[in-house]
1. Can you find, within the range 93-151, the residue that is modelled with the lowest pLDDT among those that are hydroxyl-bearing (Ser, Thr, Tyr) and under 22 Å from Ala78 (Cβ atoms)?
2. Need the failing condition index for Gly91 against (1) in contact with a helix residue (DSSP H, G or I) (Cβ under 7 Å, 6 or more places away or on another chain); (2) of a type in the set (Gly, Ala, Ser); (3) assigned to a helix (DSSP H, G or I); (4) within 21 Å of Val68 (Cβ to Cβ), just the number.
3. Taking the range 157-172 on its own, how many of its residues are part of a helix (DSSP H, G or I) and either in contact (Cβ under 8 Å) with a residue 40 or more places away in the chain or not charged (D, E, K, R) (or both)?
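The values are calculated or read from the model by the stated rules, or taken from the named source; none is laboratory data. Computed from a predicted structure; not experimentally measured. FYI the Cβ positions are ideal-geometry reconstructions off the backbone, even for glycines, and counts take in every protein chain you see.
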Amino acid sequence: MGEKDKAKAFTAEAPFDSAPFGYAQGRLRAQRMHGECVEDGFGWQPKVEREREGEMGTTSPKLVAVVVAALLHFFLGAAWFTVFKAPWLAGTGKTMEQLMGSGMPAWMPYVVTFIADLVMAYVLGWLILASGSSGVSGGLVIAGLAWLGFVASAFATEYVFEARSLTFFAINAGYPLVGMMIMGVVLGAWKK
């Protein structure tokens, strides 16, 4: 009898307390015997854990959903800063000519922004999965909490010490709020 067969025989017949991993191993065996587990190709897993994985996938958000969410956030930024261009420039204390003459290639901000949008969408999708949330409402809740806990609080701290205006805060923090809500809807509702 090989080592694998011995381990199977031991865990199949051993009482709860004598299993190699103690109570947890015995509990898993009991769940398996009562039909509360499923075989997923990597071993037995409690059904509850499978249900928590949500609609998006097993361990990470669907990449197509992440790209779609990132693109929506990117194009929202283009529209957002076109609409709020004058007050945003006033908040920065710079003119458009000064920003364009900084020596940075004109394409660089767009590339960095899109990469950052991809990262934000992936992490938000992962948070939605990790929380067990799904659907539009679950995506909205997680996006709103992530914005409040990370974006708004970080921006508020920075802006108060820099004595920036509330208008500038609303423009800069409002963009990720609306963008993350859109991404939360996409990532929470994405089925395939």
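1. Ranking the candidates gives Ser102 first.
2. (4)
3. So the count comes out to 11.
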